[in-house]
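Colleague: What follows is a structure written as structure tokens; I'll ask about it next.
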Ligand code: GRF
């Protein structure tokens with residue numbers, strides 16, 4: 001059974017969806033949820049789901065090898081970023097080469113990069129009068145949202161859509177596709 005670590009900074013609804021999806025099969029489990037925010041709802045979800053969780057601070061992540069060592073000790077096969085807002089340090093990227101994936105709530109390379117996250121993305125999409133938006137699942141490298149693209153899916157943006165309505169459409173796409181794509185990657189490891 002493969003082991004997945006999910007990193008999340010916020011609500012963690014994708015993290016929860018991944019936990020539930022993999023519990024239905026025997027390929028893999030989300031074996032830990034990590035967060036850089038002490039009060040992230042993702043950690044509460046982990047608790048409710050009975051998944052081990054870990055909070056880490058900036059020093060743990062960038063000025064020590066604590067997180068990499070933890071991931072090694074737990075024999076993690078694949079890291080999934082689901083609404084995780086910090087750049088991943090190089091030592092983790094190197095060790096988990098081609099085994100870290102992120103989901104971005106837009107059609108990269110549009111609406112990506114530093115500061116482009118969550119509702120900011122959807123607000124910009126609406127403001128620019130885009131007719132479509134979507135999700136991008138990609139490998140993670142040391143720049144924000146620049147790793148090679150694995151999968152994209154699109155949804156329509158109506159002139160009457162608010163950023164909140166776009167966010168809802170995006171979440172629906174994420175719940176539908178993210179676990180399936182992660183499953184493919186994990187199956188190929
Ligand atoms: C998702 O839209 C994801 O694409 C983005 O942040 C959001 C996280 O949502 N990177 P949640 O925390 O999984 O509910």
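Colleague: Taking the Cα atoms only, what angle lies between the long axis of helix 118-127 and the longest principal axis of the chain, rounded to 10 degrees?
Modeller: 20
Colleague: Then there is this: Angle between the Cα long axis of helix 163-187 and the longest principal axis of the chain, 0 to 90 degrees, nearest 10?
Modeller: So the inclination is approximately 40 degrees.
Colleague: Can you show me the helix-derived [θ] at 222 nm for the chain, built from DSSP H runs with n ≥ 4 at -39,500 (n - 2.57) apiece and divided by the number of residues, rounded to the nearest 500.
Modeller: Dividing the helical sum by the residues of the chain leaves -11500 deg cm²/dmol.
Colleague: Another question, then. When only C-alpha pairs under 8 Å and at least 6 residues apart count, what is the relative contact order of the stretch 2-187, in percent?
Modeller: Worked out over the stretch 2-187, it gives 20 percent.
Colleague: Using a Gaussian network model of the chain with C-alpha springs under 10 Å, which one of 13, 53, 142 is most mobile by mean-square fluctuation?
Modeller: Judging by the Gaussian network model, the answer is 142.
Colleague: Further question: Once you place label points 7 Å from the Cα toward the Cβ at residue 158 and residue 184, how far apart are they in nm?
Modeller: Once both label points are built, they end up 3.0 nm from each other.
Colleague: Please give the FRET efficiency for residue 128 paired with residue 176, using the beta carbon to beta carbon distance and R0 = 35 Å, rounded to the nearest 0.05.
Modeller: That gives a FRET efficiency of 0.90.
Colleague: Can you pull the one-decimal nm distance between simple spin-label points at residue 165 and residue 97, each 7 Å off the Cα toward Cβ?
Modeller: Simple spin-label model gives 4.7 nm for this pair.
Colleague: Taking the DSSP beta bridges in the chain as the whole, what percent of them are antiparallel, to the nearest 5?
Modeller: If I count the DSSP bridges inside the chain, around 40 percent turn out antiparallel.
Colleague: So between residue 143 and residue 48, what do we pick up on full extension, going 0.36 nm a residue minus the alpha carbon distance?
Modeller: 30.9 nm
Colleague: Separate question: In whole Å, how far is the Cα centre of the stretch 139-183 from that of the stretch 112-138?
Modeller: 9
Colleague: Just grab the label-to-label distance for residue 66 and residue 29, each label 7 Å out from Cα along the Cβ direction, in nm (one decimal).
Modeller: 2.5
FYI, it's all coordinate maths here, none of it is from the lab. For clarity, every value in this text was computed on a predicted model and none was experimentally measured. Methodologically, a virtual Cβ is constructed for each residue, glycine included, from the backbone with ideal geometry; neighbour enumeration extends over all protein chains shown.
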